[in-house]
Amino acid sequence: METPSESTDLRRLANEVRRRSLRMVFDAGMGHPGGDLSAADILVTLYFRILQIDPSQPGDPHRDRFIMSKGHCSASFYCTLAKAGFFPEEELSTFMQPGSRLNGHPARGKTPGVEASTGPLGHGLPVAVGSALASKIDGKPWRTFVLTGDGELQEGSNWEAAMAAANYELDNLALIIDRNMLQLTDATERVMRLEPLVEKWASFGWAVRAADGHDPEALAGLLSTVPFEPGKPSCVIVRTHKGQGVSFARDQASWHHHVPTREELDAALRELGGGEA
């Protein structure tokens, strides 16, 4: 098990998450590898640099909360939780098997480290707002972080939550948007335009920053400064690439919900530095 520290090689960890999540999707015969690959750097940055969480005490009332709103990208999430020590890495081989704790979508109360059951898009941010508000009401110091997809922002529930977060001055809340520009079938800007995202979130009363989602050290530096402004929730729009790390999957909408063939898996693992499966 890796121990979070300033010396942790985040890029190496992210590539390990990519390799293992691809194997999991291949073995299960289902999954969402494009988003798994785009989110890997974000997840390891959170769990190995930012979140104040003790995996040996996942129910510690003083822990930071993380909500994986883009719950369909569960393979990379589970890999990160396992590497952080929430459960044995060997359990990853049970992904999506009958009776496994590692469902296709994360389930609270079933998997250690999962704070909210997610999958239906647009639910994670509203839950995170409630979490952050509870911390404020109780006068507690813990923070709530939430990761959404970009296509997910087409759900109106996110914008209701955005208004509420600003209204209650939830500066203990940080939203991270995995802005890979693609969703299930096509580019977000062809399906339902999202831009200008920075201006939209700022107009809702959030403190907004942009970041390179594949530069984990820079991302860690930025997230360590949350809240960006007192009295405002923080939003980080993180530019990523769907299928990051695999040349033939990068920026391909078809890899949103795609099970790699044996040949594709072997080629992807070679590119990611892990040899063949």
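What follows draws every value from the coordinates through simple rules; no lab data is involved. Note that the coordinates shown come from a computational prediction; the quantities given were computed from them, not determined experimentally. Cβ placement follows ideal geometry from the backbone for every residue including glycine, while neighbour counts extend to all protein chains displayed.
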I need the phi-derived Karplus couplings for segment 75-80: 6.51 cos²θ - 1.76 cosθ + 1.60, θ = phi - 60°, integer Hz, Gly and Pro marked x. 4, 5, 5, 5, 4, 5
Please list 3J(HN,Hα) in residue order for segment 31-46, calculated via the Karplus relation 6.51 cos²θ - 1.76 cosθ + 1.60 where θ = phi - 60°; whole Hz, with x for glycine and proline. x, 10, x, x, x, 4, 5, 6, 8, 4, 5, 5, 5, 5, 4, 4
What are the ³J(HN,Hα) values, in whole Hz, obtained from phi via the Karplus relation 6.51 cos²θ - 1.76 cosθ + 1.60 with θ = phi - 60°, for each residue of segment 90-102 in sequence order, with x given for Gly and Pro? 4, 5, 4, 5, 8, 3, 6, 7, x, x, 5, 6, 9
With axes computed from alpha carbons, what is the tilt in degrees of helix 156-167 against the longest principal axis of the chain, rounded to the nearest 10 within 0 to 90? 40 degrees
Amide hydrogen neighbours beyond the local backbone of L102, cut-off 5 Å, H modeled: M96
Taking the chain as the reference, fit the longest principal axis to its C-alpha atoms, fit the long axis of helix 124-138 to the helix C-alpha atoms, and give the angle between the two in degrees, 0 to 90, nearest 10. 40 degrees
Mean separation of Cα contacts under 8 Å (6+ apart) over length of segment 131-207, as relative contact order %: 36 percent
Lysines within cross-link reach of K70: Cα-Cα under 20 Å, excluding same-chain residues under 8 positions apart? K83, K110, K242
With just the Cα atoms defining each centre, how far is segment 218-277 from segment 53-98? Give it in Å. 17 Å
Per-residue [θ]222 nm for the chain (sum of -39500 (n - 2.57) over DSSP H runs n ≥ 4, rounded to 500): -11000 deg cm²/dmol
Rg/Rh for segment 45-191 to two decimals, with Rh computed the Kirkwood way over all alpha-carbon pairs. 0.97
FRET efficiency (R11, I137; Cβ distance; R0 35 Å; to 0.05) is 0.35
Could you work out which residue, out of P88, P112, P126, moves most in a Gaussian network model of the chain, that is, has the largest mean-square fluctuation with Cα springs under 10 Å? P88
Inter-label distance for H62 and S254, nm, one decimal - labels placed 7 Å from Cα along Cα-to-Cβ: 5.3 nm
Degrees, to the nearest 10: 10-28 long Cα axis against longest axis of the chain: 60 degrees
Note down the magnitude of the dipole of segment 10-271 about its Cα centre, charges +1 on Lys and Arg C-beta and -1 on Asp and Glu C-beta and zero elsewhere, to the nearest 20 debye. 220 debye
Straight-line reach from K232: which lysines fall under 21 Å, measuring Cα to Cα and dropping same-chain residues less than 8 apart? K136, K140, K200
Relative contact order for the chain using alpha-carbon pairs under 8 Å, separation at least 6, rounded to a whole percent? 23 percent
Computed over the Cα atoms, what is the radius of gyration of segment 10-271 divided by 2.2 N^0.38 Å, N being its residue count? 0.94
